[in-house]
1. Of the residues that sit in segment 144-160 and are within 25 Å of ASP56 (Cα to Cα) and open to solvent by less than 90 Å² (accessible area, probe 1.4 Å), which one is nearest to the chain's Cα centre (by Cα)?
2. Please name all residue pairs, on different chains or six or more residues apart, with Cβ atoms under 7 Å, provided the first residue is in segment 8-29 and is farther than 17 Å from ILE45 by Cβ and the second residue is outside any loop (DSSP other than H, G, I, E, B).
3. Which condition number does GLY124 fail, the rest of (1) free of Cβ contacts under 8 Å to residues at least 40 places away in the same chain; (2) more than 16 Å from PRO90 (Cα to Cα); (3) part of a loop (DSSP other than H, G, I, E, B) being met?
4. Conditions: (1) within 22 Å of PRO61 (Cα to Cα); (2) open to solvent by 80 Å² or more (accessible area, probe 1.4 Å); (3) touching a residue at least 12 places away in the same chain (Cβ under 8 Å); (4) not basic (Lys, Arg). LEU112 meets all but one. Number of the miss?
5. Scan segment 88-108 and report the pairs whose first residue is farther than 9 Å from ALA78 by Cβ and whose second residue is open to solvent by 40 Å² or more (accessible area, probe 1.4 Å) and not in a loop (DSSP other than H, G, I, E, B), with Cβ atoms within less than 7 Å and a gap of 6+ or a chain change.
6. Within segment 1-44, how many residues turn out to be open to solvent by 70 Å² or more (accessible area, probe 1.4 Å), under 24 Å from ARG110 (Cα atoms) and outside any helix (DSSP H, G or I)?
7. Could you say whether any residue in segment 132-144 is more than 26 Å from HIS30 (Cβ to Cβ) and either touching a residue at least 40 places away in the same chain (Cβ under 8 Å) or part of a helix (DSSP H, G or I) (or both)?
8. Can you tell me how many residues within segment 151-164 are closer than 20 Å to ALA78 by Cα and without any contact (Cβ under 8 Å) to a residue 60 or more places away in the chain?
Amino acid sequence: MIIEPLALTPDHDLPGPLLTELTALYASNHEFYALSGDFPDPQDIRPEQVAAALADDLTNPDVDVLLARSAGQLTAVAITLAHHPDPTDPDPWIGLLLVAAEEHGKGYGRQLATHIEDRFRETGRDAVRLAALDNNPAALAFWTTIGYETIGHRKDRQLGRPCAVLRKILR
């Protein structure tokens with residue numbers, strides 16, 4: 001698997017072919033988006049909706065969007081945040097880790113999570129956090145299986161959804 005940062009066009013736009021790939025990846029996860037409510041119709045996710053969902057992330061200098069490819073195909077995307085908006089939170093965050101639905105269970109999510117952890121470790125960070133929706137037991141199972149521990153519960157900052165906050169010590 002090859003992991004690289006998302007590269008924008010010189011006009012700071014998502015390249016059209018990449019937006020098509022990202023839309024297909026997001027749309028393949030309609031079950032997740034039915035739980036999250038991020039898109040009005042999780043059965044009909046459109047390129048302009050994906051572009052809008054990524055727009056704020058792409059303008060934030062603390063955010064990295066990572067693309068994972070296998071055999072040339074986009075298999076996963078991750079969004080990380082080097083500094084949480086809450087100044088009392090010392091840890092970087094994984095905001096999204098999304099694997100193409102047809103690729104679930106093949107280890108891509110684990111590989112991408114390990115890559116993210118290694119990147120944060122290399123920059124001297126000693127832990128990483130994320131929030132998983134309380135109504136998404138599959139996500140909670142994935143993250144706890146790879147070493148994350150639930151440290152609290154709160155509503156997410158964007159839509160007020162109940163979430164578990166998980167943290168992993170990076171040693």
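The values are calculated or read from the model by the stated rules, or taken from the named source; none is laboratory data. Small disclaimer: the values here were computed from a predicted structure and weren't measured. No Cβ is skipped: glycine too gets one built from the backbone with ideal geometry, and neighbour counts run over all protein chains shown. Just the protein is used for accessible areas: all its heavy atoms, side chains included, with ligands, DNA and RNA removed. Shrake-Rupley method; radii C 1.70, N 1.55, O 1.52, S 1.80 Å.
1. ASP156
2. From segment 8-29, the pairs are LEU8/LEU58.
3. With respect to (1) free of Cβ contacts under 8 Å to residues at least 40 places away in the same chain; (2) more than 16 Å from PRO90 (Cα to Cα); (3) part of a loop (DSSP other than H, G, I, E, B), GLY124 is out only on (2).
4. Exception for LEU112: condition (2).
5. ASP91/ARG129; ASP91/ARG167; TRP93/ARG129
6. Here the count works out to 4.
7. Of segment 132-144, the ones more than 26 Å from HIS30 (Cβ to Cβ) are none.
Scanning segment 132-144, I find no residue that is more than 26 Å from HIS30 (Cβ to Cβ) and either touching a residue at least 40 places away in the same chain (Cβ under 8 Å) or part of a helix (DSSP H, G or I) (or both), so the answer is no.
8. Here the count works out to 4.
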